[in-house]
Amino acid sequence: MAQASPRAVTGRQPVVAGRFYPGDAETLARETAAYLALAALPSERPTLLAMAPHAGAVYSGPVAGRTLGAARLADTLLLLGPNHTGRGARLAVWPSGDWHIPGQDVPVDEALAAALLTASPRLTPDREAHLGEHSLEVLLPFLRQVRPDCRIVPVAVAEPDLTVLADAAAAMAGVLARWPEPVSVVVSSDMSHYVSHKTATRLDSLALERALALDPEGLYRVVREAGITMCGVLPMVLGLFTVLALGAKSARLAAYATSGEVSGDYEQVVGYAGVLVE
C-alpha cells in the first residue's frame, strides 16, 4: 500500500472555496483584485497588525479589500482567527506544510511556528482546530495578492482567559522582536451578528473605539459587558497585546460596513470592520 505524500499529510485543503469565495482560480484572482482596488494607497509605515472580516466575499470582500489593500504587510504573517467549530486546542498552531487555495499553495513558516511553540506552553501544535474553520482561509486570496511571497503561521484562538491571552502574547512578542525578518499580525474577525443595522453600528462602534485606542483589556470587557457578538474578539485581544509589546503607537479604521448594504435587509445584518495598527 502506497504511503501518503508529506504534502498530503501536512497540507490543508480549502473548505469554503466555491461558497465563501470563487472556487475557480482565475475568477478568484480577478474578484480579489477588484476588492483590493477599492483601497487607498498603502501607508508609508509598516503595518504591525491588520484586522479584516471573513464572511462571504460578496458581503465582506469590499471591507477586506479596502483594509488589506491599504496595509503595508511583511512577507511573514502571523494569522490569528476565531474557532467557530469548537474543535481542537484553545491556542492551536498549524505547524507545517502548505495551505491550499484555488490555484495557489501558501507555505507555513515552519521555523517561526516552531519558535512560537517553544516560547509559550500556552500554544499547542494542532491541526484539528483549523480543518473545518473558515476564518483564516478566506483572507488568504487577499494576502497572497498583496504579498505574493508570503509565509504564514495560522493560529486558531479560542482561549477565553484574559490573563492567558496576555501571557501568550508576551511570549509571542518576544519571538517576533528577535525574529530576523519583519512579521505582521493579521486578525480575522467579523463584528456584530444578526442584529439590525442601527444596533450593529452602535455596538460595533463601542468595540472599535477600544481597538483603535490600542486597549485590549477594554475591548475584551466592552464586548462581554455590552453583549457584542464579535466573533474574533479573542484573536484581536491576543493580537493587540502582541503588537503593543512590539511598540504599536496608533491605529486607524480602514473600513466599516454591514451586510445590509449588500443584501438590502437592514433588520438582520452582520458588521464588518477593517483596522490597521502601525
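Read-outs: derived from the displayed coordinates by stated rules, not from any lab. Since the model is a prediction, treat every value here as computed from it, not as a measurement. In this analysis, Cβ positions are derived from the backbone assuming ideal geometry, glycine residues included, and neighbour counts consider all displayed protein chains.
The ranking of 191, 230 from fewest to most other beta carbons within 10 Å of each one's beta carbon is 230, 191. Considering only 262, 183, 233, the Gaussian network model of the chain with Cα springs below 10 Å gives its largest mean-square fluctuation to 262.
Of the residues 270, 258, 229, the one whose Cα sits farthest toward the positive end of the charge dipole of the range 224-278, with +1 on the Cβ of Lys and Arg and -1 on the Cβ of Asp and Glu, is 229.
Which percent, nearest 5, of DSSP beta bridges in the range 6-277 are antiparallel? Write out the running numbers ahead of the final one.
Details: 19 of 40 bridges.
Once the DSSP bridges in the range 6-277 are tallied, antiparallel ones form about 50 percent.
How high is the FRET efficiency from residue 225 to residue 263, r the C-beta distance, R0 25 Å, rounded to 0.05? According to the calculation, E is roughly 0.30. Between residue 167 and residue 24, the modelled label-to-label distance comes to 5.1 nm, taking each label 7 Å out from Cα in the direction of the beta carbon.
Using just its DSSP H runs of length 4 or more, each adding -39500 (n - 2.57), the chain gives a mean residue ellipticity at 222 nm of -12000 deg cm²/dmol after division by all residues.
Can you tell me the relative contact order of the range 6-277? Whole percent, Cα pairs under 8 Å, sequence separation 6 or more.
Computed over the range 6-277, the figure is 26 percent.
Extent of the range 10-104 along its three principal axes (Cα atoms, max minus min coordinate, largest first): 38, 31, 23 Å. When each of the peptides 99-105, 153-159 is scored by the mean number of other C-beta atoms lying within 10 Å of its residues, the order from highest to lowest reads 153-159, 99-105. What whole number of Å gives the distance from the Cα centroid of the range 173-230 to the Cα centroid of the range 90-108? About 24 Å separates the Cα centre of the range 90-108 from the one of the range 173-230.
Taking 0.36 nm per residue of separation and subtracting the Cα-Cα distance, full extension of the segment from residue 250 to residue 202 would add 15.0 nm. Look at [x] 47, 47, 42; [y] 57, 42, 38; [z] 47, 44, 39: the one that is Cα extents along the principal axes in Å derived from this structure is [y].
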